[in-house]
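The values are calculated or read from the model by the stated rules, or taken from the named source; none is laboratory data. Keep in mind it's a predicted model, so treat the numbers as computed, not measured. Glycine gets a Cβ as well: all are built from the backbone with ideal geometry, and neighbour counts include every protein chain shown.
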Amino acid sequence: MLGSAAGGGLPQWNCACENCALVRAGDARIQARTQDSLALTRGEAGDRWLLVNASPDVLRQIERFAPLHPRAARDTPIGAIALTNGDLDHVLGLLSLRESQPLVVLATERVRAGLVERNAMLRTLARTPDQVTWKTLELGREVVLDAVGLGVTAVAASGKLPVHLMGAVDPSPEDNVALRVRDLASGRVCVVATAVGALEGVDAMLRGAELVFFDGTFWSEDELRSQGLGQSRARDMAHIPIGGDDGSLARLAGVDGLGAARRVYTHINNTNPVLREGSPERAVVERAGWELSFDGLEIAL
């Protein structure tokens, strides 16, 4: 887990909510987090990695994780980067990886078009003909990454357009996806679903997974409103909250077979009370058998 926070990180630069204030004060109950990104590799000591999302903190995240360090004068162990949507906190890191390094980027056609055709800054990733190879994620069709030892399948997840494209294009099921990542050797499946606005169809998305990273952005529907930090509700921002009768914790308890999987909430907003050790909300999550992600979490299956 390279980064476990939602956009803005923890602390967020312009926020003085309780969590951000506690981090700045050095409170031991809570730890700083960078923005959402993780690295996956094949089970048996893989030496090539798949990055899921390229956060604005990607350079710092790479330096903190030695397996992603270059092993030659010009080199990267990053075999591919998969984008779950076109939100800025998931794609801005691409601009930091621009030093004429060949990259393979997986994205739906909608996300690719929104980045390449509507963003002049992305031309910095096209200085040489082979600088970026785009691989299209078609919904339900696996893309095999032989060099990494993984297969990646995009599954439509209820979401929204990136803010910078709202009003410019019509919404599409390709705007926001979850990823089913399969180890080609063992067949084990990890699901990454960090932005989920509704739970319809989630059973199929999670079926057979041994490891699940799920949207833990907000604890409650009115989290921002109750703290005086905005008017949007969780679902307005395409995130189903963890708590409540209609939240993911209650609703996913009935998903067939999920109880056998290792379940981790990630993409946690700076306002979420689960971030504080000892909070009642964290206790509820942990009693239900879920974990909370943190920067540097490593999981081997």
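Structural remarks
- Any hit, segment 78-88, residues being among the acidic types (Asp, Glu) and without any contact (Cβ under 8 Å) to a residue 60 or more places away in the chain: no
- The condition of being within 24 Å of Gly7 (Cβ to Cβ), in contact (Cβ under 8 Å) with a residue 24 or more places away in the chain, out of contact with any helix residue (DSSP H, G or I) (no Cβ under 8 Å at 6 or more places or on another chain) and not basic (Lys, Arg) does not hold for Asn119.
- Among residues of segment 131-159 being assigned to a strand (DSSP E or B) and in contact (Cβ under 8 Å) with a residue 60 or more places away in the chain, the one that is farthest from Arg48 (Cα to Cα) is Val152.
- Boolean, Ala238 is of a type in the set (Gly, Ala, Ser), touching a Leu at 6+ places or on another chain (Cβ under 6 Å), more than 16 Å from Val255 (Cβ to Cβ) and crowded, with 20+ Cβ neighbours inside 10 Å: no
- Selection from segment 26-75 of residues that are in contact (Cβ under 8 Å) with a residue 60 or more places away in the chain, loosely packed, with under 13 Cβ neighbours inside 10 Å and not in a loop (DSSP other than H, G, I, E, B): none
- Gly140, sole failed condition from (1) modelled with pLDDT of 90 or more; (2) surrounded by 15 or more Cβ atoms within 10 Å (Cβ to Cβ): (2)
- Considering segment 178-193, the residues that are within 15 Å of Gly151 (Cα to Cα) and of a type in the set (A, V, I, L, M) include one that is nearest to the chain's Cα centre (by Cα), namely Val192.
- The set of residues from segment 209-242 being small (Gly, Ala, Ser) and either at pLDDT below 95 or under 23 Å from Ala16 (Cα atoms) (or both) comprises Gly216, Ser220, Ser226, Gly228, Gly230, Ser232, Ala234, Ala238.
- Residue, farthest from the chain's Cα centre (by Cα), within segment 1-25, restricted to residues that are of a type in the set (Gly, Ala, Ser) and assigned to a loop (DSSP other than H, G, I, E, B): Ala25
- Note on segment 264-294: residues that are without any contact (Cβ under 8 Å) to a residue 24 or more places away in the chain and in contact with a Cys (Cβ under 7 Å, 6 or more places away or on another chain) total 0.
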